[in-house]
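Peer 1: Let me begin by handing over the structure; questions about it come next.
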Amino acid sequence: MVEQSTGVQTGQQVTEEYGKVKGRTQREILWRRFKRHKLAMIGGVILILLYIVAILTPFIAPYGYAQIDFNALAKGPSMNHPMGTDELGRDELTRVLYGGRVSLLLGLGVGVFSTLIGAAFGIVSGYYGRFADVGIMGLTDYVLTLPLLPLLIVIGGIFQFNALTITWVLAILLWPTMSRIVRGQVLTIRDQEFVLAAKAVGVSGFRIMLRHILPNVVGAMVVQATLTVGLAILYESALSFLGVGIQPPTPSWGNLLQDAQTNMTSDWWLAVFPGVMIIITVLCVNFLGDGLRDALDPKAVE
Amino acid sequence: MYAYVIRKLLFSIVILFFASITIFWLVSLSGNPVTQLKLSNPRISQQDLQRITHQYGLDKPLAVQYGIWIRDIVLHGNFGLSFKQNTSVNNIIIPRIWPTVLLLGTALIVSALIAIPFGIYSAIKKYSMVDKVGTFFTFVGYSMPDFWLGLILQLVLGIYLANWAGVHIFAISGMHDPNSSGVVDLLQHLALPVMTLSVIQIANYSRFQRSAMLDVLSSDYLRTAWAKGLSKRIVYLKHALRNALIPTITVLALNIAYIAGGAPIAETIFSWPGVGFLLVDSIYKGDYNVARALLLIFAVLVVFFNLVADIAYSLVDPRVSYD
């Protein structure tokens with residue numbers, strides 16, 4: 001206060017005032033860029049709604065998922081049953097809601113776990129180079145060699161997946177792309193001055209990776225993680241559709257579609273609605289990923 | 001250059017070796033087929049069981065079994081005996097190869113022929129209406145489960161079109177009608193599975209072609225071409241297209257193995273008698289020796305086309321280094 005009255009401003013005050021007028025934090029810049037991507041905004045909002053609905057399903061579902069309405073066996077969409085009923089008189093909307101719960105949580109789980117595995121491998125391999133790099137990239141190439149869908153079909157056929165095991169298996173098979181992307185990013189960062197400076201003052205390798213390198217690759221990770229969520233939902237539904245994924249009575253969008261096949265010619269609604277839900281979800285995930293990629297692209301100009 | 005190819009080749013063989021061990025071990029976890037035989041037929045004699053166990057080589061340690069399995073495949077192209085059918089795995093797989101090659105080949109050609117011109121057009125007319133609508137639909141294509149697309153095509157074009165409009169263009173299952181073997185009949189059966197496989201590939205390639213073309217369009221040598229006063233046609237088709245096709249062709253090669261991985265779904269929905277349907281079917285039947293052989297074949301395909309794409313890329317693009 002005293003300094004102000006003298007009319008002389010210190011350097012710090014100038015910066016502060018300048019900051020009040022014009023400056024934007026990194027986060028604000030990203031948010032402004034992201035907001036301009038309309039489809040990504042819409043995708044993000046719909047996804048959040050879908051996840052809220054998934055969490056609240058037991059409270060908002062109109063019927064129990066195995067509850068039978070004897071007055072409506074295999075009936076098309078109506079006021080009582082907006083998505084119709086199956087041949088046992090079970091409400092399709094309720095089953096789609098419960099199925100979505102499984103599919104959405106599984107997608108999120110695979111996204112998180114494959115990101116953790118892939119990012120850890122990618123950072124170590126990119127930062128240390130040499131033997132770590134050769135070993136980890138060899139492992140990555142090896143996993144990418146395994147024919148994904150046929151392999152999943154065989155594993156599912158032998159072991160009978162449930163929602164939890166399929167999450168693990170998908171996470172274990174889907175991390176290599178993430179690790180390649182992260183490694184590529186780390187390679188461009190690890191020789192920059194700030195990493196060198198950290199090394200010079202004696203920061204440990206683990207801490208450099210965690211505090212100095214990780215924040216710089218988070219952008220690319222988030223984009224890839226988003227896309228993995230969509231991929232996981234698609235793989236789960238394909239496996240359940242073939243009968244080697246999540247087993248009934250646990251409903252998932254994939255095994256609802258498998259059920260739908262039996263009387264598809266007459267009960268078209270059973271084939272349409274779960275599929276539309278998969279498309280909407282994965283579409284939103286992909287739009288979100290696209291918007292994040294644009295927002296996080298360091299080359300983009302404001 | 002040769003050193004590069006040889007190193008890649010050796011690396012591929014090492015990777016395949018590990019993949020083959022994984023596949024063999026994984027399938028062996030399905031349990032002993034002879035024990036299952038005993039469960040399904042309790043009156044089978046002990047001698048018969050021993051004879052069958054010996055015939056499949058199941059009395060040897062797992063590592064030895066693997067050694068024999070891989071030796072027979074590499075040296076004699078022999079995939080062993082089926083667990084469920086009284087014949088060799090080769091006899092089961094070989095008739096299934098041609099239908100899959102036909103299906104995947106057609107799907108690949110159809111999707112490339114549609115996607116490449118479309119991608120180039122949307123790059124040239126960037127942000128036009130066509131480009132925007134195209135972009136939206138490629139996103140939908142990406143996000144659509146292929147089996148659902150197959151189901152809906154089967155329902156709408158196969159069943160409803162025939163039942164309600166009386167138009168019998170598309171067949172919904174198999175490769176041929178029982179009493180017909182003509183080309184028209186084949187095309188009628190081929191149409192829906194090809195569509196199922198193509199839509200997603202079209203979305204994939206057209207995005208790729210668009211961004212490759214955009215990269216080239218903003219390059220310096222193209223500005224030179226414009227500055228020389230060359231016509232649009234020459235600039236686009238002669239200068240831009242050649243370079244813009246390189247990445248797409250690589251992706252096409254890489255994707256052959258990927259599309260092959262998607263074959264089980266399209267083939268199962270339309271009962272197409274190929275290897276993909278065979279894989280799913282052998283899992284249902286518990287014929288794990290067939291599944292094991294098919295997994296290995298799929299893995300070889302992935303590695304092979306990766307190698308081809310790598311080498312083709314380095315041949316076509318002189319900027320790729322061989323280190």
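The values are calculated or read from the model by the stated rules, or taken from the named source; none is laboratory data. Just so you know, these numbers come straight off a predicted model, no measurement behind them. Here the Cβ positions follow ideal geometry from the backbone for every residue, glycine too, while neighbour counts run over all protein chains shown. Quick note on the areas: whole protein, heavy atoms, side chains included, nothing else; ligands and nucleic acids left out. Shrake-Rupley method; radii C 1.70, N 1.55, O 1.52, S 1.80 Å.
Peer 1: Could we say that B:I94 is among the β-branched types (V, I, T), under 15 Å from B:L278 (Cα atoms), free of Cβ contacts under 8 Å to residues at least 24 places away in the same chain and open to solvent by 30 Å² or more (accessible area, probe 1.4 Å) here?
Peer 2: Working: among the β-branched types (V, I, T): yes; under 15 Å from B:L278 (Cα atoms): yes; free of Cβ contacts under 8 Å to residues at least 24 places away in the same chain: yes; open to solvent by 30 Å² or more (accessible area, probe 1.4 Å): yes.
Against the criterion (among the β-branched types (V, I, T), under 15 Å from B:L278 (Cα atoms), free of Cβ contacts under 8 Å to residues at least 24 places away in the same chain and open to solvent by 30 Å² or more (accessible area, probe 1.4 Å)), B:I94 qualifies.
Peer 1: Could you tell me whether any residue of segment B:54-67 is outside any helix (DSSP H, G or I), open to solvent by 80 Å² or more (accessible area, probe 1.4 Å) and either aromatic (F, W, Y) or closer than 22 Å to B:V89 by Cβ (or both)?
Peer 2: Yes.
Peer 1: Which one of these is within 13 Å of chain A (Cβ to nearest Cβ), of a type in the set (F, W, Y) and surrounded by 23 or more Cβ atoms within 10 Å (Cβ to Cβ): B:F305, B:F298, B:F277?
Peer 2: On the way: B:F305 fails: surrounded by 23 or more Cβ atoms within 10 Å (Cβ to Cβ); B:F277 fails: surrounded by 23 or more Cβ atoms within 10 Å (Cβ to Cβ).
Only one candidate qualifies: B:F298.
Peer 1: If you take the residues in segment B:127-158 that are open to solvent by less than 40 Å² (accessible area, probe 1.4 Å) and assigned to a loop (DSSP other than H, G, I, E, B), which one is farthest from the other protein chains (Cβ to nearest Cβ)?
Peer 2: Among them, the one singled out is B:S128.
Peer 1: Looking only at residues that are closer than 18 Å to A:L151 by Cα and polar (S, T, N, Q) in segment B:242-274, which one is farthest from the other protein chains (Cβ to nearest Cβ)?
Peer 2: B:N255
Peer 1: Assess whether B:N179 counts as being open to solvent by 70 Å² or more (accessible area, probe 1.4 Å), of a type in the set (S, T, N, Q) and within 14 Å of another protein chain (Cβ to nearest Cβ).
Peer 2: Values: open to solvent by 70 Å² or more (accessible area, probe 1.4 Å): yes; of a type in the set (S, T, N, Q): yes; within 14 Å of another protein chain (Cβ to nearest Cβ): no.
No: the conditions fail for B:N179.
Peer 1: Sticking with this one: Identify, please: which residue in segment A:159-172 is aliphatic (A, V, I, L, M) and closer than 23 Å to B:Y284 by Cα and is, among those, most open to solvent (accessible area, probe 1.4 Å)? Can you show your working first?
Peer 2: Let us first name the residues in segment A:159-172 that are aliphatic (A, V, I, L, M), namely A:163-164, A:166, A:169-172.
Pick out the ones that are also closer than 23 Å to B:Y284 by Cα and you get A:163-164, A:166, A:169-170.
Working: A:A163: 39, A:L164: 122, A:I166: 0, A:V169: 34, A:L170: 1 Å².
Here the answer is A:L164.
Peer 1: Sticking with this one: Report whether or not B:L245 is of a type outside the set (S, T, Y), touching a His at 6+ places or on another chain (Cβ under 7 Å) and part of a helix (DSSP H, G or I). Break it down stepwise before answering.
Peer 2: Working: of a type outside the set (S, T, Y): yes; touching a His at 6+ places or on another chain (Cβ under 7 Å): no; part of a helix (DSSP H, G or I): yes.
When the stated conditions are applied, B:L245 does not pass them.
Peer 1: Follow-up question, since we're still on this one. Tell me the residue from B:S40, B:S30 that is of a type in the set (S, T, N, Q), surrounded by 14 or more Cβ atoms within 10 Å (Cβ to Cβ) and either within 24 Å of B:G274 (Cβ to Cβ) or over 30 Å from the mean Cα position of the chain (by Cα) (or both), please.
Peer 2: Working: B:S40 fails: surrounded by 14 or more Cβ atoms within 10 Å (Cβ to Cβ).
B:S30 is the lone residue from the list that is of a type in the set (S, T, N, Q), surrounded by 14 or more Cβ atoms within 10 Å (Cβ to Cβ) and either within 24 Å of B:G274 (Cβ to Cβ) or over 30 Å from the mean Cα position of the chain (by Cα) (or both).
Peer 1: So, in segment A:144-173, exactly how many residues are away from chain B (no Cβ under 14 Å) and either in contact (Cβ under 8 Å) with a residue 40 or more places away in the chain or at positive phi (or both)? Show your work before the answer.
Peer 2: Just the residues of segment A:144-173 that are away from chain B (no Cβ under 14 Å), to begin with: A:162-164, A:166-168, A:170-171.
From what is left, the residues that are either in contact (Cβ under 8 Å) with a residue 40 or more places away in the chain or at positive phi (or both) are A:162-163, A:166-168, A:170-171.
Selection size over segment A:144-173: 7.
For every residue, the table says whether it meets (1) part of a helix (DSSP H, G or I); (2) among the polar types (S, T, N, Q).
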{"site": "A:L227", "(1), (2)": "yes, no"}
{"site": "A:P248", "(1), (2)": "no, no"}
{"site": "A:N255", "(1), (2)": "yes, yes"}
{"site": "A:F273", "(1), (2)": "yes, no"}
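Peer 1: Next question, about the same structure. Would you call B:T100 within 14 Å of another protein chain (Cβ to nearest Cβ), open to solvent by less than 30 Å² (accessible area, probe 1.4 Å), assigned to a helix (DSSP H, G or I) and closer than 30 Å to B:V290 by Cα?
Peer 2: Numbers: within 14 Å of another protein chain (Cβ to nearest Cβ): yes; open to solvent by less than 30 Å² (accessible area, probe 1.4 Å): yes; assigned to a helix (DSSP H, G or I): yes; closer than 30 Å to B:V290 by Cα: yes.
The answer is yes for B:T100.
Peer 1: Quick one: how many residues across segment A:228-267 are within 17 Å of A:V169 (Cβ to Cβ) and hydroxyl-bearing (S, T, Y)?
Peer 2: Count: 6.
Peer 1: For segment B:79-89, indicate whether the set of residues that are free of Cβ contacts under 8 Å to residues at least 12 places away in the same chain and within 14 Å of chain A (Cβ to nearest Cβ) is non-empty. Can you show your working first?
Peer 2: Our first condition is that a residue be free of Cβ contacts under 8 Å to residues at least 12 places away in the same chain; within segment B:79-89, this holds for B:86-88.
Now narrow it down to the ones that are within 14 Å of chain A (Cβ to nearest Cβ): none.
No, segment B:79-89 has no match at all.
Peer 1: Taking A:P58 and the conditions (1) open to solvent by 40 Å² or more (accessible area, probe 1.4 Å); (2) farther than 27 Å from A:R101 by Cα, which numbered condition does it fall short on, given that it satisfies the others?
Peer 2: (2)
Peer 1: From the residues in segment B:162-190 that are among the aliphatic types (A, V, I, L, M) and touching a residue at least 24 places away in the same chain (Cβ under 8 Å), which one is farthest from B:A253 (Cα to Cα)? If you could, list the steps in order and put the result at the bottom.
Peer 2: Step one: of segment B:162-190, the residues among the aliphatic types (A, V, I, L, M) are B:162, B:165, B:167, B:169, B:171-172, B:175, B:183-184, B:186-187, B:190.
Next cut, touching a residue at least 24 places away in the same chain (Cβ under 8 Å) only: B:172, B:175, B:190.
On the way: B:I172: 29, B:M175: 26, B:L190: 22 Å.
Ranking the candidates gives B:I172 first.
Peer 1: What are the pairs with Cβ atoms under 8 angstrom where one residue, in segment A:36-50, is farther than 14 Å from A:L283 by Cβ and the other, located anywhere, is of a type in the set (A, V, I, L, M, F, W, C) and loosely packed, with under 15 Cβ neighbours inside 10 Å? Sequence gap at least six, or different chains.
Peer 2: From segment A:36-50, no pairs qualify.
Peer 1: Residues that are open to solvent by less than 40 Å² (accessible area, probe 1.4 Å), hydroxyl-bearing (S, T, Y) and in contact with a Leu (Cβ under 6 Å, 6 or more places away or on another chain): does segment B:203-216 have at least one?
Peer 2: No, segment B:203-216 contains no residue that is open to solvent by less than 40 Å² (accessible area, probe 1.4 Å), hydroxyl-bearing (S, T, Y) and in contact with a Leu (Cβ under 6 Å, 6 or more places away or on another chain).
Peer 1: Could you give every pair whose Cβ atoms fall below 6 Å, whose first residue belongs to segment B:22-50 and is under 29 Å from A:D141 (Cα atoms) and within 14 Å of another protein chain (Cβ to nearest Cβ), and whose second residue is surrounded by 14 or more Cβ atoms within 10 Å (Cβ to Cβ) and not hydrophobic (A, V, I, L, M, F, W, C), counting only separations of at least 6 or pairs across chains?
Peer 2: Note: pairs meeting the criteria are B:F24/B:Y66; B:V27/B:Y288; B:V27/B:R292; B:S30/B:Y288.
Peer 1: Of all residues in segment A:232-248, how many are open to solvent by 10 Å² or more (accessible area, probe 1.4 Å) and more than 10 Å from every other protein chain (Cβ to nearest Cβ)?
Peer 2: Residues in segment A:232-248 being open to solvent by 10 Å² or more (accessible area, probe 1.4 Å) and more than 10 Å from every other protein chain (Cβ to nearest Cβ): 2 in total.
Peer 1: I'm told B:N289 meets every condition in (1) in contact with a Ser or Thr (Cβ under 8 Å, 6 or more places away or on another chain); (2) surrounded by fewer than 21 Cβ atoms within 10 Å (Cβ to Cβ); (3) more than 11 Å from chain A (Cβ to nearest Cβ); (4) assigned to a helix (DSSP H, G or I) except one. Can you identify the failing condition by its number?
Peer 2: Going through (1) in contact with a Ser or Thr (Cβ under 8 Å, 6 or more places away or on another chain); (2) surrounded by fewer than 21 Cβ atoms within 10 Å (Cβ to Cβ); (3) more than 11 Å from chain A (Cβ to nearest Cβ); (4) assigned to a helix (DSSP H, G or I) one by one, B:N289 breaks only (2).
Peer 1: Could you check segment B:182-202 and list, in sequence order, the residues that are surrounded by 15 or more Cβ atoms within 10 Å (Cβ to Cβ) and more than 23 Å from the chain's Cα centre (by Cα)? Explain how you work it out, then say what you get.
Peer 2: The first filter runs over segment B:182-202 and keeps only residues surrounded by 15 or more Cβ atoms within 10 Å (Cβ to Cβ), leaving B:185-186, B:188-202.
The answer is B:D185, and nothing else.
Peer 1: For the structure I just gave you, tell me whether A:S266 is within 11 Å of chain B (Cβ to nearest Cβ) and more than 25 Å from A:G109 (Cα to Cα). If you could, list the steps in order and put the result at the bottom.
Peer 2: Values: within 11 Å of chain B (Cβ to nearest Cβ): yes; more than 25 Å from A:G109 (Cα to Cα): yes.
Judged against the criteria, A:S266 is a match.
Peer 1: Among the residues of segment A:117-138, write down those that are among the aliphatic types (A, V, I, L, M) and buried (at least 16 other Cβ atoms within 10 Å of the Cβ).
Peer 2: A:I117, A:A119, A:A120, A:I123, A:V124, A:I136, A:M137
Peer 1: Output the number of residues of segment B:75-87 satisfying the condition of being open to solvent by less than 30 Å² (accessible area, probe 1.4 Å) and assigned to a strand (DSSP E or B).
Peer 2: Taking segment B:75-87 and keeping what is open to solvent by less than 30 Å² (accessible area, probe 1.4 Å), we get B:80, B:82.
Add one more test, that the residue is assigned to a strand (DSSP E or B), and what stays is none.
Residues flagged as open to solvent by less than 30 Å² (accessible area, probe 1.4 Å) and assigned to a strand (DSSP E or B) within segment B:75-87 amount to 0.
Peer 1: While we're here: Identify the residue in segment A:283-300 that is aliphatic (A, V, I, L, M) and modelled with pLDDT under 85 and, among all such residues, is most open to solvent (accessible area, probe 1.4 Å).
Peer 2: Keep residues of segment A:283-300 that are aliphatic (A, V, I, L, M), which gives A:283, A:285, A:288, A:292, A:295-296, A:300.
With the extra rule that they be modelled with pLDDT under 85, the set shrinks to A:295-296, A:300.
Working: A:A295: 4, A:L296: 57, A:A300: 36 Å².
My answer is A:L296.
Peer 1: The conditions are (1) β-branched (V, I, T); (2) open to solvent by less than 10 Å² (accessible area, probe 1.4 Å); (3) more than 15 Å from the chain's Cα centre (by Cα), and A:V110 fails exactly one of them. Which is it?
Peer 2: If we test A:V110 against (1) β-branched (V, I, T); (2) open to solvent by less than 10 Å² (accessible area, probe 1.4 Å); (3) more than 15 Å from the chain's Cα centre (by Cα), just (3) comes out false.
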